[in-house]
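Only one structure is covered here, and it is reproduced in the block below.
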Amino acid sequence: MTEAARIFSTLDCATSDVLVERTPAASYSLDAALKDKLVVFEIDPAGIGAYDCIAAKVAASNAANITSVLYVVESRYGSKVQPSMIVD
């Protein structure tokens, strides 16, 4: 993805549950502090051009730095029937 997406994050979920809007970008880097963090990308389907897939990439992860990804996807075409997310 090369288009900038809206990004929201909470950098320490133990002290706050408020998502703060960050500078729009195509990627987001976190500091190395081991805290529970939440990062949300708001991706407009029109912004990914000819691509039909998105994926999250983690540059560094180990047993002390566990990463989980949840995709919430709305249909590009406004359909009430959600297409399969595993068919490319």
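The values are calculated or read from the model by the stated rules, or taken from the named source; none is laboratory data. All figures in this text were calculated on a predicted structure; none of them were measured in a lab. For neighbour counting, all protein chains shown are included, and Cβ atoms are generated from backbone atoms with ideal geometry for every residue, glycine included.
Some observations on this one:
- Note on segment 5-24: among residues that are surrounded by 14 or more Cβ atoms within 10 Å (Cβ to Cβ), of a type outside the set (Val, Ile, Thr) and in contact with a strand residue (DSSP E or B) (Cβ under 6 Å, 6 or more places away or on another chain), the one that is modelled with the lowest pLDDT is Ala5.
- Scanning segment 24-54 for residues that are farther than 18 Å from Leu70 by Cβ and outside any loop (DSSP other than H, G, I, E, B) yields a count of 5.
- Only residues that are more than 16 Å from Gly47 (Cβ to Cβ) and touching a Phe, Trp or Tyr at 6+ places or on another chain (Cβ under 8 Å) were counted in segment 9-31, giving 5.
- Failed item, numbered, when Val72 is tested on (1) more than 17 Å from the chain's Cα centre (by Cα); (2) at pLDDT 70 or above: (1)
- Long-range neighbours under 8 Å by Cβ, at least six apart or interchain, first residue assigned to a strand (DSSP E or B) within segment 10-23, second among the acidic types (Asp, Glu): Thr10/Asp17
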